[in-house]
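Let me begin by presenting the structure, written as structure tokens, before commenting on it.
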Amino acid sequence: MEQFLSSLSGGVVVLADPYVWVLLLIGTMLGVIVGALPGIGATVAYGLVLPFTYFMGPVPAVAFLLSIAVGNQFGNSIPAILIGLPGSPATILTVADGFALHKRGETGLALGIAYLAALGGQAVSILFFVALVVPLAGLTYVFLAPELFSLYVLGMVSIISLTGKSIPKGFVAATFGLLIGVVGLDPVTLSPRFDFGTRVLRNGLDVEPVVIGLLAVSELFRQARQSFQWSEVSGNLVAKFPSWAQVKRCIPPMFIGTVTGTFIGAVPGAGTTPAALISYQQAKVISRKPEEFGKGSIEGIAANEAAQNAANSGELIPTLGLGLPVSGTAVLLLSALTMQGMVPGPSLTRNSPELLDAAVAGLLGGTIILLFTGWWLSRSMMRVATVNRSVVIILCLAIVMLGIFALERQIFDVWVCLVCGVIGYFMTRYGYSVAAAALAAILASEFERTLRQGLNLFDNDIVLFLSRPIAATIIFASLVILGLGILRLRRERRLLASPARILEE
Amino acid sequence: MDRRIDLAIGIAVFLAGLGVLFVAHGIRPTGPVVDAIGPRAFPYMIGIFFLIGGSWTVLGRLRSWKSETGNFVESEGEPDEPDVPASALQSFAVIVASILYVLAMPRLGYPIATPLFVIAALKAMRMQSWLAIIVIALVYTAATYIIFAHYLRVDLPLGPLRDLFHSLGLSR
């Protein structure tokens, strides 16, 4: 309890710094704007700003990045309601209900409920986040090399089962990430590997250009395949805020969405989309008007939006508690921390407890800023959706390349970023998870080091190494998650192919 | 997705596996520290995973080759926006513009290479208005130069404009 309160108060202390508030204001608004641009998600936003975080300290950087995520989840719902375009797969059911309300002239109701659900889901999930991450971080004292190695296996297996539509291709993608990670001096004997006698490869490839290339640049190249404008906003915008009676009706589904979103977001191998879909189904079960779901249900919007925002906090639990990111944005967050000299792994929060304070500050501050600006932003964002899409894509690409150059002032890094972007483009198009590759590239060195040093400690006996209780449990959990991932992919394919089917079910 | 490209990627992964195994074979331990599996084990494992993954993709694709009609099959990757034509060539044009930009930056400098890149890339994206393109390119270049060179103190390459910028007090 003491640690719980200490983390919460630590976050409030971080918020005492006006500089942090300026960053949070920029981050939240940027998140809303980027979220309102269909298809340009939080991953691209993180890729854009990641080089800038190099110039901040780790605490402001984490708070800033998380405020982007807070704004982004809410921003995603705006085009879903106003244009009928899902900003991300998780908002597909917001389209069903929100766009239906917009077409009936009840735009204010849809936007208002989405706004309140985003705020409620985000605010309450911060408490769950702190309550879960603090004990998890405390466990890390018992982790030795075998447990650490098992955790890295768990992280990679989770992200393989989370992203992409083919598990074997996910493994190939993760292997590609490992290959990038082993370039340079090996972590135990310092033997040069894959440097082909060149000085520039001797110390290995920097993680940031690789990760940004794989996650953000590849996405921009993919977006460049199509030239079109995001549709004009249709219908009249009647921005009337929902009544108290309407809000009261949405409190139970918001609560369901918040709890489901936090827990499912925290489970490696799950993510925002299943969290939103499951919350929606649960809200329908308890609703007095289930027949409205899919035709303009405010309860449906409330559950869906609360779940998406709560999943933000949920994703942070394994990311900061164990150093294991479970999504593309979480990988970039971890990359920002490695840029600040931190080593990913379960000791992340133990060695740098201020990261928890920063996370609380980012989520809490972002929510407060959203509270004061969100309603106004949601009405203003209809203009953002009419911005020229081609200009957004090209300028994002130019800023990313400039940002990468700014990190170390090396053109070579921009080349690495570009090459990874091109490879990532083909990976994205053909079902190889770029998130898995990026995570493997970050973890590769520690993954290998813990295995080799651990084997040395256990007389080179792999059975002894992996049969330690915690290590064996984590390896078993990895296998379970892999199995669940396969089942999830099958189910998600079915559900996303036909949203109407969920409504019927 | 085009199953022929999917097949080609599978073959490329397989060949990459062979390449990794070949290079891994040449890795020699250096220094006094010795461990059981040595510096070659991980690269060997990577090579073998590539071989297995590539074979899996190739065999899977070949197994369903006859039962599929046409070369375009259900996508396993991120789909394009529905009802909007997509062009791989357009994307490649942007990639080529990006490559030329990185090649040109050290030679022409940031203030010249950047507007050229923005103009080329926006034309590749089929934006029509030349005036709008040029204004966007110049405003973007000026704004980012001020932010990065002055506020973030990043030494951006200036190419032939170095002396001019220096004399005008625009560079450090």
If we ask which residues in region A:295-312 are touching a Leu at 6+ places or on another chain (Cβ under 6 Å) and among the small types (Gly, Ala, Ser), their number turns out to be 1
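Which residue, of B:118, B:94, B:135, B:73, is β-branched (Val, Ile, Thr), more than 10 Å from chain A (Cβ to nearest Cβ) and open to solvent by less than 50 Å² (accessible area, probe 1.4 Å)?
Values: B:118 fails: more than 10 Å from chain A (Cβ to nearest Cβ); B:94 fails: more than 10 Å from chain A (Cβ to nearest Cβ); B:135 fails: open to solvent by less than 50 Å² (accessible area, probe 1.4 Å).
Going through B:118, B:94, B:135, B:73 in turn, just one is β-branched (Val, Ile, Thr), more than 10 Å from chain A (Cβ to nearest Cβ) and open to solvent by less than 50 Å² (accessible area, probe 1.4 Å): B:73.
Show me the helices (runs of 4 or more DSSP H) found entirely inside region A:368-467 where at least 2 residues are under 15 Å from residue A:216 (Cα atoms) and open to solvent by less than 10 Å² (accessible area, probe 1.4 Å).
Numbers: elements: A:389-408, A:411-429, A:434-457, A:462-466.
Hits in region A:368-467: A:389-408, A:411-429, A:434-457.
Counting only residues that are of a type outside the set (Ser, Thr, Tyr) and within 7 Å of chain B (Cβ to nearest Cβ), which one in region A:182-197 is most open to solvent (accessible area, probe 1.4 Å)?
Keep residues of region A:182-197 that are of a type outside the set (Ser, Thr, Tyr), which gives A:182-188, A:190, A:192-197.
This time we only want the ones that are within 7 Å of chain B (Cβ to nearest Cβ), so: A:182, A:186, A:188, A:190, A:193-194.
On the way: A:182: 3, A:186: 0, A:188: 20, A:190: 106, A:193: 3, A:194: 21 Å².
So the residue we want is A:190.
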Per the list (1) open to solvent by 10 Å² or more (accessible area, probe 1.4 Å); (2) within 24 Å of residue A:329 (Cβ to Cβ); (3) facing chain B (nearest Cβ under 10 Å); (4) in contact with a helix residue (DSSP H, G or I) (Cβ under 6 Å, 6 or more places away or on another chain), residue check on residue A:166 breaks on (4)
When region B:98-110 is checked residue by residue, the ones that are under 15 Å from residue A:406 (Cα atoms), more than 7 Å from chain A (Cβ to nearest Cβ) and open to solvent by 10 Å² or more (accessible area, probe 1.4 Å) are none
Looking across region A:329-352 at residues that are free of Cβ contacts under 8 Å to residues at least 24 places away in the same chain and more than 16 Å from the chain's Cα centre (by Cα), the single one that is surrounded by the most Cβ atoms within 10 Å (Cβ to Cβ) is A:351
When residue A:361 is run through (1) away from every other protein chain (no Cβ under 11 Å); (2) without any contact (Cβ under 8 Å) to a residue 40 or more places away in the chain, the failure sits at (2)
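Quick check, is residue A:439 more than 10 Å from chain B (Cβ to nearest Cβ), within 23 Å of the chain's Cα centre (by Cα) and either within 30 Å of residue B:3 (Cβ to Cβ) or at pLDDT 85 or above (or both)? Spell out how you get there, then give the answer.
On the way: more than 10 Å from chain B (Cβ to nearest Cβ): yes; within 23 Å of the chain's Cα centre (by Cα): yes; either within 30 Å of residue B:3 (Cβ to Cβ) or at pLDDT 85 or above (or both): yes.
Yes.
Suppose we filter region A:345-358 for residues that are touching a helix residue (DSSP H, G or I) at 6+ places or on another chain (Cβ under 9 Å) and either among the polar types (S, T, N, Q) or more than 19 Å from residue A:129 (Cβ to Cβ) (or both); how many remain? Quick ask: steps written out before the conclusion?
Within region A:345-358, the first condition is being touching a helix residue (DSSP H, G or I) at 6+ places or on another chain (Cβ under 9 Å), and the residues that meet it are A:345-350, A:352-358.
With the extra rule that they be either among the polar types (S, T, N, Q) or more than 19 Å from residue A:129 (Cβ to Cβ) (or both), the set shrinks to A:345, A:347, A:349, A:352.
Result for region A:345-358: 4.
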- Go through the residues of region B:8-20 one by one and say whether even a single one is open to solvent by less than 70 Å² (accessible area, probe 1.4 Å) and part of a loop (DSSP other than H, G, I, E, B). no
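Per-residue answers, yes or no, for (1) at pLDDT 85 or above; (2) among the basic types (Lys, Arg):
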residue: A:212; (1), (2): yes, no
residue: A:221; (1), (2): yes, no
residue: A:232; (1), (2): no, no
residue: A:237; (1), (2): no, no
residue: A:240; (1), (2): no, yes
residue: A:248; (1), (2): yes, yes
residue: A:253; (1), (2): yes, no
residue: A:258; (1), (2): yes, no
With criteria (1) more than 18 Å from residue B:5 (Cα to Cα); (2) charged (D, E, K, R); (3) in contact (Cβ under 8 Å) with a residue 60 or more places away in the chain, residue B:126 comes up short on (3)
Of (1) closer than 26 Å to residue A:133 by Cα; (2) open to solvent by less than 40 Å² (accessible area, probe 1.4 Å), residue A:54 fails just (2)
Quick check on residue A:204: is it in a loop (DSSP other than H, G, I, E, B), open to solvent by less than 30 Å² (accessible area, probe 1.4 Å) and at pLDDT 85 or above? yes
Check: Just a yes or no: is a residue in region A:144-158 under 23 Å from the mean Cα position of the chain (by Cα) and at positive phi?
Finding: no
Exactly one of B:65, B:56 is of a type outside the set (S, T, N, Q), in contact with a Pro (Cβ under 9 Å, 6 or more places away or on another chain) and either open to solvent by 80 Å² or more (accessible area, probe 1.4 Å) or touching a residue at least 60 places away in the same chain (Cβ under 8 Å) (or both), and that residue is B:56
Scanning region A:353-367 residue by residue, those open to solvent by 10 Å² or more (accessible area, probe 1.4 Å) and hydrophobic (A, V, I, L, M, F, W, C) turn out to be A:356, A:364
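State which residue is most open to solvent (accessible area, probe 1.4 Å) when the search covers only region B:76-91 and only residues that are more than 8 Å from chain A (Cβ to nearest Cβ) and not aliphatic (A, V, I, L, M).
Going through region B:76-91, the residues more than 8 Å from chain A (Cβ to nearest Cβ) turn out to be B:79, B:82-83, B:89.
With not aliphatic (A, V, I, L, M) added as a condition, the list becomes B:79, B:82-83.
On the way: B:79: 75, B:82: 91, B:83: 157 Å².
The selected residue is B:83.
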Note on region B:26-54: residues under 13 Å from residue A:191 (Cα atoms) and not hydrophobic (A, V, I, L, M, F, W, C) are B:26, B:28, B:29, B:30, B:31, B:32, B:35, B:38, B:39, B:40, B:43
Picked from region A:113-125 (must be of a type outside the set (Ser, Thr, Tyr) and crowded, with 24+ Cβ neighbours inside 10 Å), the residue farthest from residue A:247 (Cα to Cα) is A:122
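Specify the residue that is least open to solvent (accessible area, probe 1.4 Å); the eligible residues are those in region A:170-181 that are of a type outside the set (Gly, Ala, Ser) and more than 7 Å from chain B (Cβ to nearest Cβ).
Going through region A:170-181, the residues of a type outside the set (Gly, Ala, Ser) turn out to be A:171-172, A:175-176, A:178-180.
Filter again for more than 7 Å from chain B (Cβ to nearest Cβ), leaving A:176, A:180.
On the way: A:176: 37, A:180: 20 Å².
Looking at residues that are of a type outside the set (Gly, Ala, Ser) and more than 7 Å from chain B (Cβ to nearest Cβ), I get A:180.
The values are calculated or read from the model by the stated rules, or taken from the named source; none is laboratory data. What you see is a predicted model; the values in this text were computed from it and never measured. Backbone-built Cβ (ideal geometry, glycine too); neighbour counts: all protein chains shown. Just the protein is used for accessible areas: all its heavy atoms, side chains included, with ligands, DNA and RNA removed. Shrake-Rupley method; radii C 1.70, N 1.55, O 1.52, S 1.80 Å.
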